[in-house]
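Below you'll find the structure, written out as structure tokens, and then a few comments.
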Amino acid sequence: MHRVAISSTGLFTPPQTITNAELVAAFNQYVDLENAKHADAIAAGTQQPLTYSNEEFIVKASGIKARYVMDKEGVLDPTRMRPRFAARPDEALSLMAEVGVKACQDALDNAGKTAADVDGLICAAANMQRPYPAMGVEIQTALGIHGWGFDMNVACSSATFALELAVNAVRTGTARAVLVVNPEITSAHLAWMDRDCHFIFGDVGTAILVQRLDLAPAGAFEVLGTKLFSTFSNNIRNNAGFLSRCDDRDPADRDQLFRQEGRKVFKEVCPMAADHIAGHLQSLGYTPADVRRFWLHQANLAMNQLIGKRLLGHEASADEAPIILDEFANTASAGSIIAFHRHNGDLARGDLGVICSFGAGYSIGSLVVRKVA
Ligand SMILES: CC(C)(COP(=O)(O)OP(=O)(O)OC[C@H]1O[C@@H](n2cnc3c(N)ncnc32)[C@H](O)[C@@H]1OP(=O)(O)O)[C@@H](O)C(=O)NCCC(=O)NCCS
């Protein structure tokens, strides 16, 4: 058995941002257009009018102030309300693979490694561009990795669940290093025309290089343990799938995109995530007070505050549990990885940290890591 480290992380940030002000302005134009279109039914009382969104609600309910997207124009077009991506020929690199390759390249550069140092790649994300051939194989081949690649999806916990597999492959010696990559083009699964959730998501790509500790560069984090948990819930759900056309579903049906019971998710997932982290630490002989930094999933500011409080007994400071969702919104599986990427450089040798995701499934995944040098 080998000791295992996170050697580096990589980040691809999409070129465009949408502020809450821009988002709400476009949404409210959409509301006006829809209400005008259905004016007769609304006047007759057979249809409810749509209501405006507002910036104050979004910041207060979520902490989100902006989001990065791969295509701003399509999302903000009140007659479209979804990104516009040009179809690419089969011979061209897929959009999702392009995001993944850039994040992986950044991770390799940050570790001073090349594709020749890596034996496998897991593409782990909440949505896949296609069923096959695997996005992971496309990204692996584009990077020039001689080995293997595959896809997996555990929604917002895709990255941490993939890290468990990568860590075990390296620990048991079947790979020297594995790249976990999370190209999250969440703008394509978001119902931008639904005011309850139109502000929630953003696009991004992250990558994590998991490597044998003896091969890892200075500044690496040893992985002391991984812990996964899942239990079925319908409170975060997307019914789009390969059976949809056989069910004669309209792709525009509301259940073919992201939906959630936000209040229930909040109430059920926070205690579960806090207990999961505390239990994981305890199994390794630690308590939350021993942890220098928590890199938590980034869905909602109040969620992270509540989890921090349950763990530490006081509100976690930005230093104890950094927040990136104000800038990025919820980026599905990438959130805790962006937090780690942005906020690990100041830790000292021996400092302990926890990476933890939580989301649909429900699914919770955590890693306890220690800075080695
Ligand atoms: C989604 C979430 C931000 C919503 O916040 P909330 O405080 O629970 O808000 P609610 O949905 O209860 O809505 C409260 C009110 O604001 C209204 N509202 C909803 N969206 C609004 C918007 N964009 N603008 C203005 N008002 C809005 C609602 O209609 C409701 O009005 P009512 O009280 O008259 O019925 C919050 O529940 C949450 O973050 N949950 C965590 C789950 C999560 O983020 N999961 C992501 C996947 S891991």
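The values are calculated or read from the model by the stated rules, or taken from the named source; none is laboratory data. Keep in mind the model is a prediction, meaning the values are calculated, not measured. Virtual Cβ from ideal backbone geometry, glycine too; neighbours counted across all protein chains shown.
When you check His314 against the structure, is it surrounded by 20 or more Cβ atoms within 10 Å (Cβ to Cβ) and more than 16 Å from the ligand (Cβ to nearest atom), yes or no?
no
What residue, of Thr114, Thr186, Thr141, Thr174, is touching a helix residue (DSSP H, G or I) at 6+ places or on another chain (Cβ under 7 Å), hydroxyl-bearing (Ser, Thr, Tyr) and more than 16 Å from the ligand (Cβ to nearest atom)?
Thr114
Just one of Arg67, Arg130 is part of a loop (DSSP other than H, G, I, E, B) and modelled with pLDDT of 95 or more; which is it?
Arg130
Leu257 - would you say it is of a type outside the set (Ser, Thr, Tyr), surrounded by 20 or more Cβ atoms within 10 Å (Cβ to Cβ) and either on the phi > 0 side of the Ramachandran plot or touching a His at 6+ places or on another chain (Cβ under 7 Å) (or both)?
yes
Here is a yes/no grid of residues against (1) modelled with pLDDT under 95; (2) among the charged types (D, E, K, R):
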{"position": "Asp253", "(1), (2)": "yes, yes"}
{"position": "His276", "(1), (2)": "no, no"}
{"position": "Pro288", "(1), (2)": "no, no"}
{"position": "Arg292", "(1), (2)": "no, yes"}
{"position": "Ala299", "(1), (2)": "no, no"}
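As an exercise: evaluate Ile18 against (1) more than 15 Å from the ligand (Cβ to nearest atom); (2) touching a strand residue (DSSP E or B) at 6+ places or on another chain (Cβ under 6 Å); (3) not hydroxyl-bearing (Ser, Thr, Tyr) and give the number of the one condition it does not meet.
(1)
Could you say whether any residue in the range 349-357 is more than 10 Å from the chain's Cα centre (by Cα), within 16 Å of the ligand (Cβ to nearest atom), in a strand (DSSP E or B) and crowded, with 21+ Cβ neighbours inside 10 Å?
Yes: one or more hits.
Of all residues in the range 194-230, count the ones that are within 19 Å of the chain's Cα centre (by Cα) and either more than 14 Å from the ligand (Cβ to nearest atom) or of a type in the set (Lys, Arg) (or both).
Going through the range 194-230 one residue at a time, the tally reaches 12.
I'm checking my understanding of the structure. Among residues of the range 66-110 that are of a type in the set (Val, Ile, Thr) and closer than 23 Å to Glu327 by Cα, which one is nearest to the ligand (Cβ to nearest atom)?
Val75
Can you name the residue in the range 152-166 that is surrounded by fewer than 24 Cβ atoms within 10 Å (Cβ to Cβ) and without any contact (Cβ under 8 Å) to a residue 60 or more places away in the chain and, of all such residues, is farthest from the ligand (Cβ to nearest atom)?
Once the filter is applied, the top-ranked residue is Leu165.
In this structure, does Ser244 turn out to be of a type in the set (Gly, Ala, Ser) and either more than 24 Å from His297 (Cα to Cα) or in contact with a Leu (Cβ under 7 Å, 6 or more places away or on another chain) (or both)?
So Ser244 passes the test.
Count, please, the residues in the range 286-302 that happen to be closer than 20 Å to Ser157 by Cβ, assigned to a loop (DSSP other than H, G, I, E, B) and more than 16 Å from the ligand (Cβ to nearest atom).
Counting residues in the range 286-302 that are closer than 20 Å to Ser157 by Cβ, assigned to a loop (DSSP other than H, G, I, E, B) and more than 16 Å from the ligand (Cβ to nearest atom) gives 1.
Is there any pair linking a residue in the range 344-369 that is of a type in the set (Asp, Glu) to one that is modelled with pLDDT of 95 or more, with Cβ under 6 Å and at least six apart or on different chains, and which?
Asp351/Arg292; Asp351/Lys371
Checking the structure you have, find out if any residue of the range 47-65 is farther than 30 Å from Pro183 by Cβ and away from the ligand (no atom under 15 Å from the Cβ).
yes
For the range 95-149, which residues satisfy the criterion of being touching a residue at least 40 places away in the same chain (Cβ under 8 Å), among the aliphatic types (A, V, I, L, M) and farther than 24 Å from Asn344 by Cα?
Residues satisfying the conditions are Leu95, Met96, Ala97, Ala126, Met135, Ile139, Ala142, Leu143.
Quick one: how many residues across the range 63-81 are touching a Gly at 6+ places or on another chain (Cβ under 6 Å) and buried (at least 17 other Cβ atoms within 10 Å of the Cβ)?
Here the count works out to 2.
Return yes or no: is Ala41 more than 16 Å from the ligand (Cβ to nearest atom), modelled with pLDDT of 95 or more and in a helix (DSSP H, G or I)?
Spelling it out, Ala41 is indeed more than 16 Å from the ligand (Cβ to nearest atom), modelled with pLDDT of 95 or more and in a helix (DSSP H, G or I).
Buried (at least 21 other Cβ atoms within 10 Å of the Cβ), assigned to a helix (DSSP H, G or I) and within 16 Å of the ligand (Cβ to nearest atom): does that describe Ser366?
So Ser366 does not fit the description; no.
Is it fair to say Gly74 is in a helix (DSSP H, G or I) and free of Cβ contacts under 8 Å to residues at least 24 places away in the same chain?
yes
Among the numbered conditions (1) free of Cβ contacts under 8 Å to residues at least 24 places away in the same chain; (2) on the phi < 0 side of the Ramachandran plot, tell me where Gln29 comes up short.
Every listed condition holds for Gln29 apart from (1).
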